[in-house]
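Since the structure comes first, as structure tokens, the remarks are kept for the end.
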Amino acid sequence: MFLGNFAESEGMAKVTDISSKTMGTFLKFLYCGEVKKIDIDIDLLLAADKYDVGDLHSICELELANRITI
């Protein structure tokens with residue numbers, strides 16, 4: 001996956017702008033295709049946006065929109 005002279009080619013990629021909790025939820029979605037409503041927050045939406053995971057982005061967007069009260 002990582003070919004060339006990149007830090008990631010060493011077998012590890014350091015992500016500093018996403019918490020470990022959010023990254024865990026994000027990776028679980030990538031592998032299992034599911035996410036619990038309680039785990040959906042703005043940070044997960046931003047991670048889905050950053051890594052262009054459209055399905056997760058849509059799920060987060062809908063859930064967060066449903067939580068808004070006027």
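The values are calculated or read from the model by the stated rules, or taken from the named source; none is laboratory data. Everything quoted here is computed from the prediction, not taken from an experiment. Cβ: placed from backbone, ideal geometry, glycine included. Neighbour counts: every protein chain shown. Side chains are part of the model used for accessible areas, which takes the heavy atoms of the whole protein and leaves out ligands, DNA and RNA. Shrake-Rupley method; radii C 1.70, N 1.55, O 1.52, S 1.80 Å.
State, as an integer percentage, the relative contact order of the chain based on alpha-carbon contacts under 8 Å between residues 6 or more apart.
On the way: 38 pairs, mean separation 16.3, N = 70.
Here the relative contact order equals 23 percent.
Membrane-span-like helices in the chain, defined here as complete DSSP H runs extending at least 18 Å along the helix axis by their C-alpha atoms with mean Kyte-Doolittle hydropathy no lower than -0.5, are 54-67; this is a sequence and geometry rule, not a statement about a membrane. When each of the peptides 52-62, 24-34, 38-48, 10-20 is scored by how many other beta carbons lie within 10 Å of its residues on average, the order from highest to lowest is 38-48, 52-62, 24-34, 10-20.
The gain in end-to-end length when the Ala65 to Met12 segment is fully stretched comes to 15.6 nm, 0.36 nm per residue minus the alpha carbon separation.
Label separation (Lys37 vs Lys21): 1.9 nm, computed from points 7 Å beyond Cα along the C-beta direction.
Surface composition of the chain: carbon and sulfur make up 57 percent of the accessible area, probe 1.4 Å. All alpha carbon pair distances within the chain were sorted into 10 Å bins beginning at 0; the resulting P(r) in whole percents reads 18, 45, 26, 8, 2, 0.
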